[in-house]
1. Given the rule -39500 (n - 2.57) for each run of at least 4 DSSP H residues, summed and divided by the residues of the chain, what is its mean residue ellipticity at 222 nm, to the nearest 500 deg cm²/dmol?
2. Work out how much length S338 to A190 would gain on full extension: take 0.36 nm times their residue separation and subtract the Cα-Cα distance, in nm to one decimal.
3. Within the chain, what percent of beta bridges assigned by DSSP are antiparallel, to the nearest 5?
4. For the chain, the longest stretch holding no chymotrypsin sites (Phe, Trp or Tyr not before Pro) located in a DSSP loop with at most 15 other Cβ atoms within 10 Å is which?
5. With a cap of 14 neighbouring Cβ atoms within 10 Å, and only residues DSSP puts in a loop, list the GluC sites (Glu not before Pro) found in the range 171-266.
6. K235: which lysines have alpha carbons under 20 Å from its alpha carbon, excluding same-chain residues fewer than 8 sequence positions away?
7. Please give every one of the aspartates and glutamates within straight-line cross-link reach of K212, meaning a C-alpha to C-alpha distance under 16 Å, and leave out same-chain neighbours fewer than 8 residues apart.
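None of the figures in this text is laboratory data; all of them are computed from the coordinates on show. Predicted, not measured: the structure shown is a model, and the values here were computed from it. A quick note on method: Cβ atoms are made from the backbone with ideal geometry, for glycine too, and the neighbour counts reach across all protein chains shown.
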Amino acid sequence: SCTLRIRSNGVGATARQVSNTIMNVQNNTVKKLLEKYREIALLNEIISTLHWDLNVNLPRKGSEQRSHQITYLTSLITDKWIDPEIKFLLDECNSIEKLTQEEKAIVRNLNRAAKFYFQVPKKLILEQSEITSRAFVIWSEAKVNNDFKSFEPILSKIVDLTRSVADYLGYKENPYDALLDLYEPDLTAAQCRTIFEKVQPSLTQLLQKVIKSKSYNKANPLLDSQKEYALDLQKKLCDFISTKLHYSYDEGRLDISSHPFTTTLGRHDVRITTRYDRHDFKEALYSTIHEIGHALYELGIDKHYSGTPLEGGVSLGIHESQSRFWENQVGRSREFVSYIEPILSTLFQTEFQNVDQDMILRYVNDVRQSYIRTEADEVTYGLHIILRFQIENDLMNKKIQTKNLPEVWNVMMKKYIGVVPPTDREGVLQDVHWSMGSIGYFPTYLLGNLYAAQFTASMKKKISFEKTIAKGDLLPILNWLRTNVHTHGSMLFPKDLIKQVTGEALNADYYLEYLQKKYSTIYNL
Ligand code: MG
């Protein structure tokens, strides 16, 4: 489901306490930089707390004042980044030759983060923030009214502003590169295109095979939308899943919000949300597993990195690999389904009468020619992303205009998925991202799936993956992730991390083979 992580650089408790537990840094200039950064990290933590409360608890009439509070803190953070002292210290660090590996990574990450504030004028940052907060409301209404024309003028403005941001950030050949790099360090549009051009035909072909198979849309009692799953029992199921996945409420919380998300409020405070559908148990089950995957990553990072630029996951793509790993590689596997089947049948006795493991497996891996990305199965999900990647790339390179988006959208839907959404609400208006100015974000969702499959293939060389899942003993799997992926935080860039963990660069074959094998079995291809 849709997950916009609210990024933060959380540190725990007070600045004083943090300074006692911080990693050992020798170089005095780096030390001074870390002290400056710690104030920014604390402000980010406060913003995350306000965002969490906004999404989970806020009374309807409280939103205006909350937006003033967040805007004020955002402006304070901008001022802290453009403080000449930070630039001075960074320049000095950049000329020091003898730094430890960790000190080098700290300086590298600060250079990257500060680049945005040094190069993009504050006026533009604030203009973008003001326009996108207005655009969110306009988009919400346009979506309800299925009225793209009312959203188009402000979307066009956002695209222009985002292009200016790209120009200020700088790029070699493609303005879209500057934006992709904000979400996935060093990623370029050309790299994305190479990967996606390989993935798209395979996915479209696999989808066609599934649709033509005899098992497609086969009768399944779980597809009956009249079924009701009591909400308190669904909550019990989610709590059980938290325990099973070793996500402890001593370091987190599970609440409800309209769009599930994970947020880091402090080194021992990583919270998740989920949403419940009274007629569909899989909504809350898989949203919860997905968000726990994000939370386990944040909680597994070396605690010495807290309050430094090495805290937090390294990129959105690697972050998404951790949520998709637990949701799909584990949660939608035959072995996991066989493990939770008795639990489901005990909790929801009436609804699971005459339901066997195969039916559950098919239900949670049901392939459809979907219109909506967040409801898409594993086979079509990537196609929804590739469509968005191509549109964003064309918008940034002025090859298409915002006024033509509904038409462009529908043509690509027909080509890749074979269906055309009946309304713009189910088409070009479905996602919140562009209204927020988050252009360049979408590709990380697909990269996450690709990384997850590649990590799984490596893990299987060390762990008897299927057996341990069937037993419901997930600790060996979590420990592998902690040691190989989580603990490093933002020390290694994504391309170095994937190389170190799997011995090779990102390779889409692992994902394509995984899908081919899994769906051939489920649909008897
Ligand atoms: Mg996610």
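1. -19500 deg cm²/dmol
2. 49.1 nm
3. 55 percent
4. Working: sites that count: Y216, Y249.
Between the exposed loop sites, the longest stretch runs 250-525.
5. Within the range 171-266, the qualifying GluC sites (Glu not before Pro) (loop, at most 14 other Cβ atoms within 10 Å) are E173, E228.
6. Partners found: K227, K244, K282.
7. D366
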